[in-house]
Amino acid sequence: MRRRRVLVLLSTFLLCAAALGALAVTADDPVEIDGDESERYPGDTLITVQSYGWFGNHNGDAFIVDESGERVWEYQPDDATVFDAEIVGDGNVMVSYGQRIPAADCPEAFRGGVADDHCIRNVVEDVDRETNERVWSYTWYDHFMSYHEVHDADRLDSGETVIIDMGKHRTFIVDESGEVTWEWSATEHLDEGTEFWEAHVEGTSREDHHYTGGSQDWTHMNDVDRLDNGNFLMSIRNFDVLIEVDPETDDIVRVIGEPGNHSIMHEQHDPNYLEAHDHVIVSDSENNRIVEYDVDTMEEVWRYEGTGPGSQERLQWPRDADRLPNGNTLIADSRRFRVIEVNETGSVVWGHDLGDERGIIYDVDPLGPNRELSEEPKAVPAGDELDGTNYSGGVSERAAFAESWLGFVLPQWVGLPGVAVIAAMVASLLGLVWEGIWLYRNE
């Protein structure tokens, strides 16, 4: 009987080893092209990676890949989490990031307290693409890295730069000399006691809006764009809304979404406003989808959740999506460590994955065949002219969530099936060891 158990355990171990080997050999590329690659919008792509490896490993970067996926430019500031990047008018790249620096280089007010050995410097800078030298910058300091990094900055037609700052819950404009020419405070316009709070958030408190510990991240303001009418569209992640602000009066003139209504948005990122259609494309991160709304009616007109219902085919925590002139949509699939471009029927026609580097992608911008596109192209089709995908809910969504986190520590081909095989291998190996010990003691 005991010999039979040994044979069963040994057979199980060998079968599992063979199955694991088969998974590795037959593993598909993380970006599976299921559409016609000739439909891909031409040109290079600008990508930013927040960080590589586990959280706290601050070594993100910004880079440009050509159509073959080869990096043709790269910039990596030291010990930094990198968020937004865009080509500015003179061809340089404007990069936004938070950077940990030694305490000796910090202003006195930012030494000690939270950390004795460092402080955080938030940086928005223009980088010469030929030399990687800084040609312009605006910086400020903070105690915290997480939830205080600068996530977005846009160059305005005036040459000024608008920046959204989650650490100080503000949006502000700086000119080329670094002088602040306009500033808008979320504390004055969103917090308890304001008209916004009374109209949209009454009955809740700051504690309902996440992360009210040391970092006091009650807004998580993560994106700002100037609209054609001169107003600013801001993404207030922890309220699950977008707001339109008139910079002449500082008034909130429109609210898109409803605080706490996660069926519309749940901790969204990087809205892509389609001015010609009055639509907005939202990277609905915690709902693991890209969704487009008609802003006047808040009717959902388009959705993309992945190429299929299987867990390996689902989006995970997407944080950027741009509609392209040919009707394709470029998506940063953050916790799948990849960028994909889907056509008007929802098929993947191009992709770029980070492979074993395991980088949390944040931002992706199409540059066009002559790098003529702005961060958000204007002349693009609306979603109600396109087909998307909808696989909401179910076991596959929960499995996709688990597999996306496993990807930080295991090869992407392993997935939940591979984990089950590894667990069976370990169990059979432990059984063999136990049987060996028993036989040795009872000889």
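The values are calculated or read from the model by the stated rules, or taken from the named source; none is laboratory data. All values derive from a computational prediction rather than experimental measurement. Ideal geometry is used to build each Cβ from the backbone, glycine not excepted, and the neighbour counts take in all protein chains shown. All accessible areas refer to the heavy atoms of the entire protein, side chains included, with ligands and DNA or RNA removed. Shrake-Rupley method; radii C 1.70, N 1.55, O 1.52, S 1.80 Å.
Take segment 132-156 and flag every residue that is hydrophobic (A, V, I, L, M, F, W, C) and open to solvent by less than 50 Å² (accessible area, probe 1.4 Å).
If the condition is that a residue be hydrophobic (A, V, I, L, M, F, W, C) and open to solvent by less than 50 Å² (accessible area, probe 1.4 Å), then Trp136, Trp140, Met145, Val150, Ala153, Leu156 are the ones that fit.
Can you give me the number of residues within segment 250-268 that are without any contact (Cβ under 8 Å) to a residue 60 or more places away in the chain and assigned to a strand (DSSP E or B)?
4
Is it true that Arg100 is in contact with a His (Cβ under 6 Å, 6 or more places away or on another chain), of a type in the set (Lys, Arg) and open to solvent by 70 Å² or more (accessible area, probe 1.4 Å)?
When the stated conditions are applied, Arg100 passes them.
Can you tell me how many residues within segment 260-270 are crowded, with 22+ Cβ neighbours inside 10 Å and on the phi < 0 side of the Ramachandran plot?
3
Output the qualifying pairs, or none if there are none: Cβ atoms under 8 angstrom, residues six or more apart or on different chains, first residue in segment 188-200 and more than 14 Å from Met221 (Cα to Cα) and open to solvent by less than 20 Å² (accessible area, probe 1.4 Å), second residue in a loop (DSSP other than H, G, I, E, B) and of a type in the set (Asp, Glu).
Close Cβ pairs satisfying both conditions: Trp197/Asp191.
Looking at segment 315-338, which of its residues are open to solvent by 10 Å² or more (accessible area, probe 1.4 Å) and more than 14 Å from Glu32 (Cβ to Cβ)?
Trp317, Pro325, Asn326, Arg335
Is one or more of the residues making up segment 283-294 among the acidic types (Asp, Glu) and open to solvent by 20 Å² or more (accessible area, probe 1.4 Å)?
yes
Report every pair of residues separated by at least 6 positions or lying on different chains whose Cβ atoms are under 6 Å apart, first residue within segment 136-156 and in a strand (DSSP E or B), second open to solvent by 20 Å² or more (accessible area, probe 1.4 Å).
Pairs found: Tyr138/Gly178; Thr139/Arg121; Tyr141/Pro107; Tyr141/Phe110; Tyr141/Arg121.
Could you tell me whether segment 291-305 includes any residue that is outside any strand (DSSP E or B) and within 21 Å of Glu37 (Cα to Cα)?
Taking every residue of segment 291-305 in turn, at least one turns out to be outside any strand (DSSP E or B) and within 21 Å of Glu37 (Cα to Cα).
Scan segment 201-236 residue by residue and report those that are modelled with pLDDT under 90, of a type in the set (Asp, Glu) and either farther than 23 Å from Pro271 by Cβ or buried (at least 20 other Cβ atoms within 10 Å of the Cβ) (or both).
Glu202, Glu207, Asp217
For residues in segment 339-355 being touching a helix residue (DSSP H, G or I) at 6+ places or on another chain (Cβ under 9 Å) and modelled with pLDDT under 95, which is least open to solvent (accessible area, probe 1.4 Å)?
So, considering only residues that are touching a helix residue (DSSP H, G or I) at 6+ places or on another chain (Cβ under 9 Å) and modelled with pLDDT under 95, the one least open to solvent (accessible area, probe 1.4 Å) is Asn343.
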